[in-house]
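For reference, the structure discussed in these notes is given below.
The values are calculated or read from the model by the stated rules, or taken from the named source; none is laboratory data. From a predicted model like this one, the values you see are computed outputs, not experimental measurements. We place every Cβ from the backbone using ideal geometry, glycine too, and count neighbours over all the protein chains shown.
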Amino acid sequence: MDATSNSETPKDTLYDEINTFFESAPPLKDGPDISRKLKEFIERNSQSTGGRGASRVVCVTSGGTTVPLEKRCVRYIDNFSSGHRGAASTEYFLKAGYSVIFLSRRGTCQPFCRSLPEDPLLECFEVSKELNVRVCQSHSEAVRTAIGEHCAAVEGGLLLKLPFTTIFEYLQILQLIAMSMKNLGTHAMFYLAAAVSDFYVPWKSMVEHKIQSSSGPLDMRLVQVPKMLSVLRKDWAPVAFCISFKLETDSKILLEKAEIALKKYNMHAVVANELLTRKEVVVVVTSSEKISVHRDKTEASADVESPLIELLAEKHSSYIEHLDS
Ligand code: PMT
């Protein structure tokens, strides 16, 4: 496979690439339903919350996007991400008083489910002789907490969960979210932890049916996915507080790459993380500092996302104060 590369895309070319991407993408199946849910969620959360002032809303993206190779998709290219970062961060954002739009890859880790076993339905429940279903004693506390906290967030109108699978769905839904959050002004935050595909097969040049292995070695041209970070900052949500991520496997280039991304996409902060240590430490890179954030090792259940979200919420407060004063 080869890929068309254009790391230094001039502005007009970027807009052309973005238009081509959206024009050629298969329409979202449930677009009107997503727009309605977003409208209701934002309306509910843009009202002032008593003495605490206007509420803050964060869009957390989580999990990896897929790139289908066939329209009737059998094969696809995937991007690594378990969704743990996004799910854990969502829980801490809710604790910090934010309402959360959780845009996550289907089947990846979900908020409040992290303490449950891998297959909770089969491992947390048992059937009695009378065929009644009940929670196993050993998991009852974890199940009660997970269901209780999840219901409180969803029924309280504080958590909206939107799933995606492909890069086409992800970017179309992200655009809908950004447009719907525009009126929140500085109180909106984007926390872009999803692992987004860098190359894709345009829908119009994609084959309809399963690629036949009998045709021999596969030779396929992939096009670069336009970086939506610039357009998100410039056009979709120009005053929102924007945080992107930088993942590398080589620690020597991590901080340099994060700084480049910060400047190039005009982000307010970039969270730099290394694949192997991502659950232990991250570095928050801003235009004026680099802050290492560590998991509290004295507590077994502590997450690095706890101090990370605390720090980002503080930075967001300063940003709001500075821009709104
Ligand atoms: O889910 P876990 O297993 O817990 O792991 C968490 C994580 C390692 C996936 C997460 O912490 C993380 O680093 N996510 C970003 C991974 C990534 O794709 O990095 P990147 O350097 O390729 O992209 C940088 C940023 O550009 C990302 O914020 C991405 O949302 C954005 N991007 C990328 C490609 C593209 N075409 N458009 C984009 O907007």
### Message
Would you confirm whether or not segment 109-125 contains a residue that is within 24 Å of the chain's Cα centre (by Cα) and among the hydroxyl-bearing types (S, T, Y)?
### Response
yes
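Of the residues T4, T9, T66, which is within 14 Å of the ligand (Cβ to nearest atom) and at pLDDT 85 or above? Step through it out loud before you land on a result.
Working: T4 fails: at pLDDT 85 or above; T9 fails: at pLDDT 85 or above.
Among T4, T9, T66, only T66 is within 14 Å of the ligand (Cβ to nearest atom) and at pLDDT 85 or above.
Consider segment 230-259. How many of its residues are outside any loop (DSSP other than H, G, I, E, B), more than 30 Å from D324 (Cβ to Cβ) and not polar (S, T, N, Q)?
Going through segment 230-259 one residue at a time, the tally reaches 8.
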### Query
Across segment 252-279, what is the total count of residues that are under 24 Å from V239 (Cβ atoms), of a type in the set (V, I, T) and more than 9 Å from the ligand (Cβ to nearest atom)?
1
### Query
Does any residue of segment 35-58 turn out to be surrounded by 15 or more Cβ atoms within 10 Å (Cβ to Cβ) and within 13 Å of the chain's Cα centre (by Cα)?
yes
### Summary
Contact list, first residue from segment 251-275 and charged (D, E, K, R), second anywhere and more than 11 Å from the ligand (Cβ to nearest atom) and at pLDDT 95 or above, beta-carbon distance below 7 Å, six or more apart or interchain, is E259/V285
### Summary
Of (1) closer than 18 Å to L323 by Cβ; (2) surrounded by fewer than 18 Cβ atoms within 10 Å (Cβ to Cβ), S215 satisfies every one except (1)
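Can you confirm whether segment 111-131 contains a residue that is touching a Phe, Trp or Tyr at 6+ places or on another chain (Cβ under 6 Å), farther than 27 Å from E248 by Cα, among the β-branched types (V, I, T) and outside any helix (DSSP H, G or I)?
Checked against the condition, which is being touching a Phe, Trp or Tyr at 6+ places or on another chain (Cβ under 6 Å), farther than 27 Å from E248 by Cα, among the β-branched types (V, I, T) and outside any helix (DSSP H, G or I), segment 111-131 yields no hits at all.
For the condition of a type in the set (A, V, I, L, M) and over 19 Å from G83 (Cα atoms), what is the one hit in A313, A272, A302?
Details: A272 fails: over 19 Å from G83 (Cα atoms); A302 fails: over 19 Å from G83 (Cα atoms).
Going through A313, A272, A302 in turn, just one is of a type in the set (A, V, I, L, M) and over 19 Å from G83 (Cα atoms): A313.
Is it the case, given these coordinates, that T166 is over 19 Å from the mean Cα position of the chain (by Cα) and not acidic (D, E)? Lay out the reasoning, then the answer.
Numbers: over 19 Å from the mean Cα position of the chain (by Cα): no; not acidic (D, E): yes.
No.
This table checks each residue for (1) of a type in the set (S, T, Y); (2) part of a helix (DSSP H, G or I).
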site	(1), (2)
V270	no, no
S288	yes, no
V293	no, no
T298	yes, no
S306	yes, yes
L311	no, yes
H316	no, yes
#### Entry: Test: residue in segment 285-297 that is buried (at least 19 other Cβ atoms within 10 Å of the Cβ) and either more than 13 Å from the ligand (Cβ to nearest atom) or closer than 21 Å to D198 by Cβ (or both)
yes
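Out of segment 215-229, which residues are more than 8 Å from the ligand (Cβ to nearest atom) and assigned to a strand (DSSP E or B)? Walk me through it before giving the result.
Initially, segment 215-229 is screened for residues more than 8 Å from the ligand (Cβ to nearest atom), giving 215-223.
Of everything in segment 215-229, those that are more than 8 Å from the ligand (Cβ to nearest atom) and assigned to a strand (DSSP E or B) turn out to be R221, L222, V223.
Considering only residues that are in contact with a Lys or Arg (Cβ under 6 Å, 6 or more places away or on another chain) and not charged (D, E, K, R), look in segment 188-208 and name the one that is nearest to N45 (Cα to Cα). Before you say what the answer is, go through the steps one by one.
Our first condition is that a residue be in contact with a Lys or Arg (Cβ under 6 Å, 6 or more places away or on another chain); within segment 188-208, this holds for 193, 206, 208.
Checking which are not charged (D, E, K, R) leaves us with 193, 206.
Numbers: A193: 23, M206: 40 Å.
This residue is A193.
Take C151 and tell me if it is more than 30 Å from E23 (Cα to Cα), within 15 Å of the ligand (Cβ to nearest atom) and either part of a helix (DSSP H, G or I) or within 21 Å of the chain's Cα centre (by Cα) (or both). Steps first, please.
On the way: more than 30 Å from E23 (Cα to Cα): yes; within 15 Å of the ligand (Cβ to nearest atom): no; either part of a helix (DSSP H, G or I) or within 21 Å of the chain's Cα centre (by Cα) (or both): yes.
It is false that C151 is more than 30 Å from E23 (Cα to Cα), within 15 Å of the ligand (Cβ to nearest atom) and either part of a helix (DSSP H, G or I) or within 21 Å of the chain's Cα centre (by Cα) (or both).
Name the residue that is farthest from G64 (Cα to Cα), counting only residues in segment 240-251 that are surrounded by 18 or more Cβ atoms within 10 Å (Cβ to Cβ) and within 9 Å of the ligand (Cβ to nearest atom). So that I can check it myself, show each step before the final result.
Going residue by residue through segment 240-251, those that are surrounded by 18 or more Cβ atoms within 10 Å (Cβ to Cβ) are 240-247.
Next cut, within 9 Å of the ligand (Cβ to nearest atom) only: 243-247.
On the way: I243: 17, S244: 14, F245: 13, K246: 14, L247: 13 Å.
Looking at residues that are surrounded by 18 or more Cβ atoms within 10 Å (Cβ to Cβ) and within 9 Å of the ligand (Cβ to nearest atom), I get I243.
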### Query
Name the pairs: first residue in segment 138-157 and buried (at least 16 other Cβ atoms within 10 Å of the Cβ), second residue of a type in the set (V, I, T), Cβ to Cβ under 6 Å, at least 6 apart or on different chains?
V143/V135
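Take V58 and tell me if it is under 21 Å from L174 (Cα atoms), touching a helix residue (DSSP H, G or I) at 6+ places or on another chain (Cβ under 7 Å) and not small (G, A, S). If you could, list the steps in order and put the result at the bottom.
Values: under 21 Å from L174 (Cα atoms): yes; touching a helix residue (DSSP H, G or I) at 6+ places or on another chain (Cβ under 7 Å): yes; not small (G, A, S): yes.
Yes; evaluated as a whole, the condition is true for this residue.
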